[in-house]
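The values are calculated or read from the model by the stated rules, or taken from the named source; none is laboratory data. For clarity, every value in this text was computed on a predicted model and none was experimentally measured. Every residue, glycine as well, gets a Cβ built from its backbone with ideal geometry; the counts of neighbours run over all protein chains shown.
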Amino acid sequence: MSLHPSLKVDTAGAQQRTVLTRIERIKDLIKKGLWQDGQKVTSLPKTKIVKIKARKIKIDKEADDKDKK
């Protein structure tokens with residue numbers, strides 16, 4: 001029996017999340033030095049999520065040819 005297309009796991013479903021869990025937010029605050037011991041875990045300040053995009057590297061053919069010689 002085959003699997004319905006809507007049930008297949010796809011890489012498109014692995015997008016970057018826009019919301020962090022409470023533990024992830026606390027770890028981020030600890031890393032930035034904004035977390036004090038004994039602070040309540042409710043009503044945490046907002047944390048910005050940095051989205052990283054990969055760039056394609058342009059290869060200069062002339063420079064590459066000179067390196068090979």
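Here are the numbers for the structure shown:
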item: In segment 28-69, residue modelled with the lowest pLDDT [restricted to those that are over 24 Å from residue 16 (Cβ atoms) and small (Gly, Ala, Ser)]; result: 63
item: Residue match in segment 17-27 (condition: among the polar types (S, T, N, Q), at negative phi and at pLDDT below 80); result: yes
item: Subset tally (residues that are assigned to a loop (DSSP other than H, G, I, E, B) and within 18 Å of the chain's Cα centre (by Cα)) for segment 19-38; result: 3
